[in-house]
Amino acid sequence: MEITLIKRLVADPNGESTDALFENSTEVFWVDWREEDSNIIDYCESILKTNMLSSQFEGEKLFIKFGAQTKEVPLTMSGADRHITLLALNEILNPHYEIRMAWASDGGDTLAFAPLSYEEWGALELEFGVPSVSKAFLKLSPYPNVFTDPLTKISVKKTNGKKWWEFWK
């Protein structure tokens with residue numbers, strides 16, 4: 001996959017590349033805070049084109065399948081679920097791919113996410129430096145929830161041994 005927009009966002013996160021982000025659907029996928037969680041997996045697959053990534057609801061339980069692996073998404077039936085789904089998706093895609101949020105999309109109720117291989121993220125970090133990549137793309141972690149927590153005050157939260165999905169129960 002050619003990652004021209006993503007490179008432009010890293011090189012110049014506040015310029016014309018930000019405007020181009022909002023017109024792009026080939027390198028990023030968009031998630032609304034009210035999105036159906038299974039759609040997130042479909043959006044990601046539409047970018048990655050692995051033919052190995054899918055999701056399925058069984059009752060109220062959502063399962064993500066990637067190749068031979070299957071993972072249940074620990075949904076809470078709350079506003080936290082989009083973030084929880086993205087974290088579960090990152091877990092099942094590891095060590096092949098990683099999804100990060102485009103900082104340029106912060107501030108709305110719909111956020112842009114870039115799924116790249118670990119090699120592509122590593123190449124960007126080598127070319128531009130980790131700080132530049134981090135200014136353009138947020139690595140997803142249990143805290144903050146990109147849909148429910150203010151991202152302007154990112155801080156490290158002690159986990160006290162909790163699993164990431166237990167923060168939203």
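The values are calculated or read from the model by the stated rules, or taken from the named source; none is laboratory data. No experiment lies behind these values; they were computed from the predicted model shown. No Cβ is skipped: glycine too gets one built from the backbone with ideal geometry, and neighbour counts run over all protein chains shown. Accessible surface areas use protein heavy atoms only, side chains included; no ligands, DNA or RNA. Shrake-Rupley method; radii C 1.70, N 1.55, O 1.52, S 1.80 Å.
Scanning region 22-43 for residues that are within 22 Å of residue 118 (Cβ to Cβ) and open to solvent by less than 20 Å² (accessible area, probe 1.4 Å) gives 27, 28, 29, 31, 40, 41. Among the numbered conditions (1) closer than 29 Å to residue 18 by Cβ; (2) surrounded by 19 or more Cβ atoms within 10 Å (Cβ to Cβ); (3) in contact with an Asp or Glu (Cβ under 7 Å, 6 or more places away or on another chain), the only one that residue 73 does not meet is (1). In region 127-149, the residues that are of a type in the set (Lys, Arg) form Cβ pairs under 7 Å with partners that are at pLDDT below 95, at six or more places apart or across chains, as follows: 135/13; 135/103. Here residue 135 passes the criteria (1) modelled with pLDDT of 55 or more; (2) in contact with a Pro (Cβ under 8 Å, 6 or more places away or on another chain); (3) assigned to a loop (DSSP other than H, G, I, E, B) except the one numbered (3).
Restricting region 89-115 to residues that are in a helix (DSSP H, G or I) and touching a residue at least 40 places away in the same chain (Cβ under 8 Å), the residue that is farthest from the chain's Cα centre (by Cα) is 104.
Each row is one residue, and each column tells you yes or no for (1) open to solvent by less than 50 Å² (accessible area, probe 1.4 Å); (2) free of Cβ contacts under 8 Å to residues at least 60 places away in the same chain; (3) of a type outside the set (A, V, I, L, M, F, W, C); (4) part of a loop (DSSP other than H, G, I, E, B).
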| site | (1), (2), (3), (4) |
| --- | --- |
| 45 | yes, yes, yes, no |
| 51 | no, yes, yes, yes |
| 62 | yes, yes, no, no |
| 83 | yes, no, yes, no |
| 87 | yes, no, no, no |
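Using the structure shown, decide if residue 126 is over 14 Å from the mean Cα position of the chain (by Cα) and of a type outside the set (Gly, Ala, Ser). Against the criterion (over 14 Å from the mean Cα position of the chain (by Cα) and of a type outside the set (Gly, Ala, Ser)), residue 126 qualifies. Output the residues belonging to region 85-132 that are of a type in the set (D, E, K, R) and modelled with pLDDT of 95 or more. Those that are of a type in the set (D, E, K, R) and modelled with pLDDT of 95 or more: 91, 98, 100, 119, 120, 125, 127. Remark: pairs (first residue in region 8-36, under 18 Å from residue 89 (Cβ atoms); second residue at pLDDT below 75 and open to solvent by 100 Å² or more (accessible area, probe 1.4 Å); Cβ separation under 9 Å; 6+ apart in sequence or on different chains) = 27/1; 27/2. In the set (1) under 27 Å from residue 131 (Cβ atoms); (2) part of a helix (DSSP H, G or I), residue 26 fails one condition alone, (2).
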